[in-house]
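Notes follow the structure.
Readers should treat all values here as calculations from the given coordinates under stated rules, not as data from a laboratory. All values derive from a computational prediction rather than experimental measurement.
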C-alpha cells in the first residue's frame, strides 16, 4: 500500500485516491467539487481528543498514544479497515486541512497503515 500524506490544498500524483481524514469539514471548501474523493471522518481523532490536543500541543507523544487507542475501537477501527480496503492496488493520499503535517493525526494514521504501529 502506497500512502502519501498532504494538505487538502496540495496536489497529489495522478491516480492517487484522495481521502480527507479530518473530523470537521474544512472551512471555505464547497461540498460540490471538493478536492478529495472520500471523506472518512471516523478515521480522525474524536472531538474530545482533538480538543485535548489543541489545549496541550506539546504532548505529541501522549496524543499519539491516545489516538492509537481510539484506532483500536469502532468506529475508528472500522474506518481504518475501510482505508486499507481503499488502498488495495492503488496509492492513497491521506489529507488534512491542518497547517502542520507533523503535529496532526495524519502521520500516526499513515504509520498504522504501513504497519509501524499495531492498530
Percentage relative contact order, the chain, counting C-alpha pairs under 8 Å, at least six apart: 43
Which of 30, 47, 72 ends up with the largest GNM mean-square fluctuation for the chain, with Cα atoms connected below 10 Å? 30
Does the stretch 58-119 come out rounded, prolate or oblate, given a ≥ b ≥ c as the square roots of the eigenvalues of its C-alpha gyration tensor, rounded meaning a/c under 1.5 and, failing that, prolate meaning a/b above b/c? oblate
Indicate the gyration tensor shape class of the chain (rounded, prolate or oblate), computed on the Cα atoms with a ≥ b ≥ c the square roots of the eigenvalues: a/c under 1.5 is rounded; otherwise a/b larger than b/c is prolate and the rest oblate. oblate
